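Okay, so here's the structure we're looking at.
Taken together, the values in this text are just the output of simple stated rules run on the coordinates, not laboratory data. Here the structure is a predicted model, which means the values were calculated and not measured. All Cβ positions, even for glycine, are placed from backbone atoms using ideal geometry, and neighbour counts span all protein chains on display.
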C-alpha cells in the first residue's frame, strides 16, 4: 500500500454484546489509539457519543447511525426482520466498500444470519463457516466450522478446508498448513457418512495438505494445523473443550481452597496459574471469524470487554489487509467444482 | 433371589486390552475375592492358567476356551471373520444363558461389532448405543451414545433416551432421571436436522422426562442426568472432554514445575490434586456400557489395569442383577413404535 493511501476502517457493531455499548466503544478507542486500527462505530448515535465522551473521544471515531440492535437472545429470524440493525448496517458498509471488515460481539446466530443475508456467499462458496483458534502451543490450532453450517455436505467440508487453510496462512502465518478431518477413528473408513465421504474427497483435493483423520482428543495436541468439521459437531466439540477446561480449573480452585495448602495455593495462583488460565479461557481468545462471505466478520465473545474488542479489531484489520476474501476466492476458483451446488 | 440360588457369572474377555491377559486376569481375581462377583475367563487356556498361577488362583476361576483374540488395532470387520475370538465366545455364553453379562477391554469398534453380531439387538431396539458416565458431582452424568451408532436417525435418539433412562435408574439409582438433548442452542429449533427432529419426538415421548436441549459446555455442569446424542457427536464430545481435562492438568503441572513455587506445588499435588485428577481421568472411570442388545457388555478402557477390570465386573454384575435388559425391553415395548424400522 502506498504511503498515505486511505485504509478502510473496521466497522464495529457497537450495539452487540453483553457489555454493549460501553465496553465495545472502549475497545474501539483502544484499537484506534493503541493498535493503530481505524474503526467506525455503528449504532445509536446518542448512546455512542455518551460512551465516547467517557474517553474524551467524541469526534475521534466516526459514528454510523443504526436504528436498532439485535438482542443477545435473538436468533437468525430476528436478523431478517431488522434490516437497520447495527450488525446489518455494519455488513452493508463492507458491501459498499466503505469498511474493510466487521467486528461484532452480538449473538452468533444473529451475526451469522445477518452476514449471510447482507454480505452473501462469495462466488463458488456453498456455505460460510466459522473459524476459531484453539489455545495450543507453540501455535494455535484452527477449528472450522465452529457453528455456521449445522447440516453440512461432504463438498462443503472440502471448501471449509480451503477456508481454514487460507485463514491459517493469513492469521497464523503458516505455510502449507496441515489439515485434519475430525472424526471418530484414524482409519479412513471411520466416522459417519459425512466424514467418510469427506475423507475420500479431501484425500485427492488439490491445494489441501490433508494429513488424515483426527479425533476429539486431538483438539489440543496440535497434530495438525487446521481441523475440519461440520458446524454442529464443531460447535459441540468447542463448547465441550471450553466447559472442560473451566471445570478443571474450578475443581482445582476448590481443591486448593479446601486444603491445608490453601495459602501456598493462593500464591501459586497469583503467578503462572493465572496466566495459564487466561490463555485457556475462550473469553480472552481473539474471536471467531465468519469466512466465505463477500467480507469478513470477526465474532467476538458475547461477554467481551474492551481488550477483546480491540484484539478483534486488530485481527479484522490484519485479515482485510492480507486480502483473505480474495485468497479464498482464488482457492475456490482453482478447486474442482462440486458436483452440484446447494 | 432366594438364598443359595446360583448366580450366573460375568464372562470376562481375558484376551482384550493393552494389558491382556495379565491385568485382566488380576482384575478377575480381585472381582471374585474382594467384590464377591463370580466370573469366568474366556481366552487361550494355557496363557490364562499361567496368569492365574501368579495369584494362586488356578482352579478358582473357570476358563472357557477361545481360539483367538481380536487385536486392539482391529476394527469391526475383523470381528466378523473371528467367530471363535474371545469376545465372540464371551457373547455366546451370555446368549446361551451361561453368563450374565460380558466385560471386555478390547477395541471398542471390535467389541461393538461382535456384540451386535453375536448378541443381536433386543426386540424393538433399532440400534445399540454406548452409555458412559461423566465425572460430575454429586452424581455422574450419563452420556449416550458415545460411539456405537455413528449415523443415527431421530427415532434412534428417542430409543437412546429410554436406554439411558434405564441405565441411570439401575447404575446410578436415580428416579425419573432428567434427559437432555445435546445440540448447539437451547431453543427447540437449534441444531442440525437430526437434533431438531429428535427434539420434537422427545418432547412428546411417554416415559421420558425430557428437560430440553443442552450444549457442549453442559457436559460437566449436571443440568440433566442423561445426555442424548448420536454416536459420532457423542464420541467426539467425550474425547474432547477427556483431552481437555488432561491438557489442563498437563499445563498446570508445567506451570507449577516452572515456578518458584515448585516445592509447594509438589506438596499440593500430593494431597487433593492427585485425588481430583484421578476423579477426572477417564481411565479410572467405570467403563462404557453397550446397551440395546440381548445381553449387556461393559467395555473397559483399553489401558485398564486390574482395579478397573474388577470395577467393570462389579458394574456388569449389578446391571445383570437389576435386569437392565428386561427393563429396556419393557420400556421399548411400551413406547410408540417408530414409523419405520431400519
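What separates the Cα centres of the stretch B:309-323 and the stretch A:123-195 is a distance of 41 Å. Across the identical copies, the 7 Å label point of residue B:49, projected outward along Cα→Cβ, sits 9.6 nm from its counterparts, in ascending order.
Just checking the listed ones, B:59, B:97, B:307: in the Gaussian network model of chain B with Cα springs under 10 Å, the one fluctuating most is B:59. Note on chain A: the C-alpha convex hull projects to 19.0 nm² when averaged across all orientations. Label point of residue A:67 (7 Å along Cα→beta-carbon): distances to the other copies' equivalent points are 7.9 nm, sorted ascending. Among beta bridges identified by DSSP and lying wholly in the protein assembly as shown, the antiparallel ones come to about 30 percent. Taking 0.36 nm per residue of sequence separation and removing the Cα-Cα distance, the residue B:303/residue B:193 pair yields an extension gain of 36.0 nm. In chain B, helices alone account for a calculated mean residue ellipticity at 222 nm of -13500 deg cm²/dmol, with every DSSP H run of four or more residues adding -39,500 (n - 2.57).
Semi-axes of the stretch A:1-137's equivalent ellipsoid from the Cα gyration tensor, sqrt of 5 times each eigenvalue, largest first, rounded to whole Å?
Working: eigenvalues 108, 74, 49 Å².
For the stretch A:1-137, the ellipsoid semi-axes come out as 23, 19, 16 Å.
As a proxy for reagent exposure, ranking A:151, B:230 by other Cβ atoms within 10 Å from fewest up yields A:151, B:230. Taking A:182, A:252, A:163 as the candidate residues, the one with maximal mean-square fluctuation in a Gaussian network model of chain A, Cα springs under 10 Å, is A:252.
Here the gap between residue B:77 and residue B:65, fully extended at 0.36 nm per residue and compared with their Cα-Cα distance, gives a gain of 2.1 nm. What separates the residue B:95 label point from its copies, with the point 7 Å along Cα to Cβ, is 6.2 nm, written shortest first. Put simply, the protein assembly as shown fits an ellipsoid with semi-axes of 49, 27, 23 Å; these come from the alpha carbon gyration tensor as the roots of five times its eigenvalues, largest first. If R0 equals 51 Å, the separation of the Cβ atoms of residue B:204 and residue A:121 corresponds to a calculated FRET efficiency of about 0.90. Between A:92, A:301, A:55, the residue with the greatest mean-square fluctuation in the GNM of chain A (Cα pairs under 10 Å linked by springs) is A:55. For residue B:322 and residue B:137, what is the calculated FRET efficiency with R₀ set at 30 Å and r taken between the beta-carbons, to the nearest 0.05? Efficiency computed from Cβ-Cβ geometry: 0.80.
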